[in-house]
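Worksheet for the structure shown next.
The values are calculated or read from the model by the stated rules, or taken from the named source; none is laboratory data. Computed from a predicted model, the values in this text were never measured in an experiment. In case anyone asks, the SASA skips ligands and DNA or RNA and just uses the protein heavy atoms, side chains included. Shrake-Rupley method; radii C 1.70, N 1.55, O 1.52, S 1.80 Å.
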Amino acid sequence: MTPTPPRLFRIEISPQGWQFDCPPDQTLLLTALAQGLKLPHSCRNGTCRACIARLLEGDISYRIEWPGLSREEEAEGFILPCVAFPRSDLKIDAPEPAAPHLSPSTVDKSVHRSGEKPASA
C-alpha cells in the first residue's frame, strides 16, 4: 500500500497576494524560500525576529517551547515564520517580501498571485 502524502496547506502572503503550498512538517519560511519568495530572515531559529509577521487567518504550531515572541505579541497575532508550521490554510501579513524570481527556470509554477490560476507545467 502506498503511503498517503501529507496534506499541503495553502499559504497567502498579504498584501501582495502571493500563494504557495506548505507541508505540515516544514516551516513557512523554508517553504517560501524554496518557492522563490524572499521573506526577511536571519537566524532561522526564532531568536532574531527578522521574519516577524502577523497571522491574519489560520492556525500554526511551533516545535520549540519559546518562539521569541512576548505574550502580548502572540495575543496580537504575531508569528515567526522561521519556526512556524502550518496547521491549516493561512493568510499572513509579512513585512517587505521580495518578488519571486521571474525566470521560468527558477520559479516553482505553484507560486502565483491570489485569484490567478497557477501556470501549467
Can you list residues whose amide H is under 5 Å from PHE78's amide H, if they're 5+ apart or on another chain and H is modeled 1.01 Å from N? LEU55
Spelling it out for ALA50: with amide H atoms placed in the peptide plane at 1.01 Å from N, the residues 5 or more places away or on another chain with amide H under 5 Å from its amide H are SER42, CYS43
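Calculate what fraction, in whole %, of the accessible area of the stretch 35-74 sits on carbon and sulfur atoms when a 1.4 Å probe is rolled over the protein chains.
On the way: 1140 of 2580 Å².
Of the solvent-accessible surface of the stretch 35-74, carbon and sulfur hold 44 percent.
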